[in-house]
1. Below 8 Å between Cα atoms, with a sequence gap of 6+, how large is the relative contact order for region 279-373 in percent?
2. Can you list the HN-Hα couplings for region 32-39, worked out from phi with the Karplus curve (6.51, -1.76, 1.60; θ = phi - 60°), rounded to whole Hz and with x for Gly and Pro?
3. Under a 5 Å amide H to amide H cut-off, with H placed in plane at 1.01 Å, what residues pair with Asn352 once short-range neighbours are removed?
4. Which of rounded, prolate or oblate describes region 306-386 when judged by the alpha-carbon gyration tensor and an a/c cut-off of 1.5?
5. Helix-derived [θ] at 222 nm for the chain: sum -39500 (n - 2.57) over DSSP H runs of at least 4, divide by residue count, nearest 500?
6. Looking at region 311-393, which GluC sites (Glu not before Pro) are in a loop (DSSP not H, G, I, E or B) and have at most 11 other Cβ atoms within 10 Å?
7. Which of the GluC sites (Glu not before Pro) found in region 50-130 are loop residues per DSSP with 11 or fewer other Cβ atoms within 10 Å of their Cβ?
8. Starting from a Cα-only point model with no solvent, please compute log10 I(q)/I(0) by Debye for region 248-360 at q = 0.10, 0.16 1/Å.
Amino acid sequence: MIVISHTFETGTLIYGTSRGDGTGKLIHEAGFRPSSYLPEHPVHGDAYWYMASTRRHLAKTYKIDSCADALREAGYEVTVEIDHTTLPTTPYAGLERERYNRADARTSRYSEWADSASATGERIVEQVREERSHIPLGQPHLIGHHSFKKTTRQEERRNTREDRGFEHLRRGRHWAERAKTAAKYQAGREAIGTTARRIDKLEAEVRKLKREMLPRQDYWTIWLGAFGYGTQRKTFRERFAELPSGSKVVSLDLPRNTALMSIVRSERLLAVNQALIAMREEEMAYWQKVLDARRAEEGVRVFTLEDFAVGDFAKIGKRHYEIIRRNPKTLTVISGVNIHGLKIVTKANARNALGDPGWTQTIPYTEVSGKLTAKEARSQHPEVFQEHAPQDGSGPENSA
């Protein structure tokens, strides 16, 4: 029997299959990948197929169901087991360490492949060049001579070997780039901006999960009539009896034949959301420690809404942008098509493609690397503001 199992600890795995047993095509088409390094189940035995990126996440039931249906149609007995309430035993820090260890292993493996391919390619190309060095420069193939066919075949073989050597060199460059990318995996994953945005995303997910746990309100029709409402044939009392304990009628509007209901969420949904919240809060705590450590290591300041005022200038990249509005998570700044030649971007000098004043865009605080107050900007870059100062006699004090 084939068992498709999903837990927060192991993700989605398939037990009861092996390589070459005839199920591979059906399972692979459903989105599963093969692996010989999957954990063993105490009851179901070894697993060979897994679904990527499913640990500590809800099961992708649409893929699981499609795989199970395809296997059943092929004559296999399939059981689906999904556990969305048991928390994983491996801490999140251990899970991240496993990722980094796999990245280190990829770096070593790709580096070995790159060195081997490059060495082979260099050896082949050098052999071909050494053979050609014995041929006088400019020596043609002697058409009609008894040696013509031999020299032609020799040159064709040298060209073929040289192409094979260049292909090995290309593979070496490819694997060297892959090794370089794998070596930067941890640094990229723990980058300050990336980590800060990941924490924001996790916080938003936790808020969403907590909102889903609150009782929801809905309007019900009290009296459905003699023939019911659509396919609904149950009375108001029968429907109310099926609701989870704690649900209640908030108000009745008899003239409109409606009732405002407060419906408590099911126990299953509450249990699933509580498990997800516990995991996400653990992940947030881990990434917050990483973020604090990286900021202390690199000496990066964290800007917030309180650090700026409208009219100040935020440094983003190599330029300072005038702040139009402050938001809880972002700054609204001025921008335009001509900012590539500006050090200070203001409402007066930013322009769009038609030459009119520029537009605004929002920038998260994680991308802000410095600030200038309005006074500091005018004192450090007076030429920017002098260009747009009112001419003599045109100021408001002279406009009688």
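Every number in this text was worked out from the coordinates using simple rules, so none of it is lab data. Just so you know, these numbers come straight off a predicted model, no measurement behind them. Glycine also receives a Cβ, built like all others from the backbone with ideal geometry; neighbour counts cover every protein chain displayed.
1. Working: 159 pairs, mean separation 27.0, N = 95.
With pairs under 8 Å counted, the relative contact order is 28 percent.
2. Karplus-based 3J(HN,Hα) across region 32-39 equals 9, 10, x, 7, 9, 10, 8, x Hz.
3. Val337, Gly358
4. Cα axes put region 306-386 in the oblate bin.
5. So the calculated ellipticity at 222 nm is -14500 deg cm²/dmol.
6. Values: sites: Glu322, Glu367, Glu376, Glu383, Glu387; in loops: Glu387.
Passing sites in region 311-393 are Glu387.
7. Of the GluC sites (Glu not before Pro), the ones in loops of region 50-130 whose Cβ has at most 11 other Cβ atoms within 10 Å are Glu77.
8. Log10 I(q)/I(0), no solvent term: -0.65, -0.86.
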